[in-house]
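Novice: After the C-alpha cells below, expect a handful of questions from me.
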C-alpha cells in the first residue's frame, strides 16, 4: 500500500493515552512517559489499529506540509518503532530506527552524540523524524542537530502524541523544523 502521492487521510484518530512516571528516573525528577494504545503496555495492541494509525500519521503529515515528501523515515528511540513502521507501511517509504546507546537520562537530556547507528547513510537525504510521543522536545531537538551534523535535510518531526503540558513544540520548532502531532494530551 503506497499513498505517497495519494490523498491524505484524516489526521484525527481515537488514541487512548495517559501520562505515567518514567520507570528509569528517580522519583525526584518530574519526568514522565506517555503510554498509549499501540505500545502494548496497558493492554494487548490491536494489529488493525497499527494500519489505521499509520494512515493517520502519514495523512497528518501530508496535510501539515503539502508537497514535502521525505525520502526516509527515521524512528527516534525504541518507543518509536511501532509508529515508524506504521507510517512506513502507509507511506511506502523506507525507514531507519535510531536511539541513543550511551546516554544517562538522569544526567543528559536529549540524544547523545556519536550514538546514531545510521551515520554516513543519510547524507543529503530528506528525512522525517517519527516518534510516538514528544513531551519536552529535548531528545527531538538534539537528534535534529545530530542529523544535520550528518548532512541530512530534516523536513519535520511527526509524532503520535504531543504532551501539551511540555514545551516540546517550542523546543522542536526553535530548530526550524515543524512538529506535526496527530493527537494532543
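Novice: Does residue 115 satisfy the criteria of being farther than 19 Å from residue 184 by Cβ and modelled with pLDDT of 90 or more?
Specialist: It is false that residue 115 is farther than 19 Å from residue 184 by Cβ and modelled with pLDDT of 90 or more.
Novice: Of everything in the range 162-174 that's modelled with pLDDT under 90 and surrounded by 23 or more Cβ atoms within 10 Å (Cβ to Cβ), which residue is farthest from residue 85 (Cα to Cα)?
Specialist: Only one residue fits best here, namely 168.
Novice: Still on this structure, I have one more. For the range 58-82, how many residues meet the condition of being assigned to a helix (DSSP H, G or I), within 16 Å of the chain's Cα centre (by Cα) and modelled with pLDDT of 90 or more?
Specialist: Residues flagged as assigned to a helix (DSSP H, G or I), within 16 Å of the chain's Cα centre (by Cα) and modelled with pLDDT of 90 or more within the range 58-82 amount to 6.
Novice: Quick check on residue 92: is it within 25 Å of residue 182 (Cβ to Cβ), loosely packed, with under 14 Cβ neighbours inside 10 Å and at pLDDT 95 or above?
Specialist: Criteria met by residue 92.
Novice: Run residue 177 past the list (1) modelled with pLDDT of 90 or more; (2) assigned to a loop (DSSP other than H, G, I, E, B); (3) over 15 Å from the mean Cα position of the chain (by Cα) and report the number of the one that doesn't hold.
Specialist: Among (1) modelled with pLDDT of 90 or more; (2) assigned to a loop (DSSP other than H, G, I, E, B); (3) over 15 Å from the mean Cα position of the chain (by Cα), the lone unmet condition for residue 177 is (3).
Novice: Next question, about the same structure. Keeping to the range 63-83, report how many residues are surrounded by 17 or more Cβ atoms within 10 Å (Cβ to Cβ) and touching a helix residue (DSSP H, G or I) at 6+ places or on another chain (Cβ under 9 Å).
Specialist: Total meeting the criteria: 9.
Novice: State all residues of the range 134-160 that are out of contact with any helix residue (DSSP H, G or I) (no Cβ under 7 Å at 6 or more places or on another chain), crowded, with 23+ Cβ neighbours inside 10 Å and in a strand (DSSP E or B); if no residue qualifies, say none.
Specialist: Scanning the range 134-160 gives a single hit, 159.
The values are calculated or read from the model by the stated rules, or taken from the named source; none is laboratory data. Note that this is a predicted model, so its numbers are computed, not measured. Glycine also receives a Cβ, built like all others from the backbone with ideal geometry; neighbour counts cover every protein chain displayed.
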